[in-house]
Amino acid sequence: MPFQDHPLRYRLANELHARPFPTLEAPCHAVFVAIQPLNDAASRPAGADRAHLAALLDRYGAAHPAPEGTHFFGQIGRHMLKWESHTEFVTYTGFTPGIEARPFDPVTFDLFPPDWLAVAPGACATSALVRVDLIPDDESRIDAALADWFEPESLACSRVVDGAAIIASDFRIDPAGHMRFAMFVRAGTNPQRIGRIVQRLCEIETYKAMSMLGLAQARDLSATLAAIDQRLTHLVAGIGQQQQSADDTLDELLQVSADLETLLVQTSFRFGATGAYEALVNQRIAAIREQRFNGRQTFAEFMMRRFDPAMRTVKSAESRLQSMAVRAARAGELLRTRVDVERSAQNQKLLESMDRRADLQLRLQRTVEGLSVVAISYYAVNLTAYVLAPVAEPLGLGKTAEMALLTPVVVMLVWLLVARIRAGAGEAGGHRISGTH
């Protein structure tokens, strides 16, 4: 090509085709397990999941996937293995031709050796046994089998993909620790279509199990939110009262806000993931195009009755947490308003006190100025009298007369001088204030 390819062009284009559906011939069966780390995925050792996969492949003498691969599909013994690495978990699905004589025999899960499962880098989020058989000529035999295999009260069963198959499950964990899915397909159904339906069943179970983790966290959060809600309500009610100081209220409100922000950080990922998994469950159920079978509830109806309320509980907890965080923020604004009003009142009182002090200082200053005029005039009269004494004696003026004549003149001159100094100081202060503005 005459232009340069983006470095990720081929990698991203091939990603759309990297996870093919299995091709299955009925009758057959599948075993499935999803492994999730107990802690955050980022805390796992790098490559732990691929190392665990490699250990399983080595037991069967199978080739390893690419070092950085996130999926694998290949032969292990007489089985086909599909491995997928997701953000939070990894899944292993084994497909085997034929069906066991005993329906949902736990022995079929021995495809995954117990000692190998024991050292998995995580815990089992869910596991399932899928039995795929042909639809019998007499469909009433299906009802009899389902009544024997599943709990009638929670059994969901439907025709899917334009009647190509009948699927059933009670979404309960059996005594061996696995979910059970029964699937009956019409003779002549395309093997790829069978593989897609089986894959959809595994995905529905996986995403349902992962989304239910949000319910556990929502229930754990409810008691904490109830306690914080009481504290927050008490603080908001006390904002308009004067019994408690604003500083104490602010300290408690900051602690409540910090607790809520901590909870938001701790739950944001799980609640967000729950919403995404819920959407995937509904999308996968919609993709199989259900039709009612013999009046039984469909997978969609089962989810509406059992799964949707759990998801609404999660959304309610998330909404309540966010609402309380907003309330705490509003309470902080109200408290700041109260503090601003109190400070304004304190500043007003301080200004009034400063005005009174300034008025007293002005009066004292004027009193001092008056006394200064008298003191300066006294010394000025005496000095002037001494200076003019040689002139006053030829004119026949005694000291007393000379002092009497000089006193009014000197006092007036001193008073004018002090007044001029005071006026000059006032003009200089006015210039400085106008300059700062």
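Some notes on this structure:
The rows are residues; the columns are (1) assigned to a helix (DSSP H, G or I); (2) free of Cβ contacts under 8 Å to residues at least 40 places away in the same chain; (3) outside the structural domain of Thr298 (by TED's automatic domain parsing); (4) out of contact with any helix residue (DSSP H, G or I) (no Cβ under 9 Å at 6 or more places or on another chain).
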site	(1), (2), (3), (4)
Asp138	no, yes, yes, yes
Glu153	yes, yes, yes, yes
Asp162	no, no, yes, yes
Ala182	no, no, yes, no
Leu201	yes, no, yes, no
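- Scope segment 386-401; condition modelled with pLDDT of 75 or more and either in contact with a strand residue (DSSP E or B) (Cβ under 6 Å, 6 or more places away or on another chain) or surrounded by 12 or more Cβ atoms within 10 Å (Cβ to Cβ) (or both); matching residues: Ala401
- Some residue of segment 52-60 being free of Cβ contacts under 8 Å to residues at least 12 places away in the same chain and either more than 24 Å from Glu205 (Cβ to Cβ) or in contact with a helix residue (DSSP H, G or I) (Cβ under 7 Å, 6 or more places away or on another chain) (or both): yes
- Where a residue in segment 343-361 is within 29 Å of Ser245 (Cα to Cα) and assigned by TED's automatic domain parsing to the domain that holds Asp247 and its partner, wherever it lies, is modelled with pLDDT of 80 or more and of a type in the set (Lys, Arg), with Cβ under 6 Å and at least six apart: none
- Residue count for segment 287-299 under the criterion of being in a helix (DSSP H, G or I) and either free of Cβ contacts under 8 Å to residues at least 12 places away in the same chain or buried (at least 17 other Cβ atoms within 10 Å of the Cβ) (or both): the result is 1.
- Check on Ile135, out of contact with any Pro (no Cβ under 9 Å at 6 or more places or on another chain) and surrounded by 17 or more Cβ atoms within 10 Å (Cβ to Cβ): yes
The values are calculated or read from the model by the stated rules, or taken from the named source; none is laboratory data. In this text, all values refer to a predicted model and were calculated from it rather than measured experimentally. Here the Cβ is made from the backbone with ideal geometry for all residues, glycine too, and neighbour counts use every protein chain on show.
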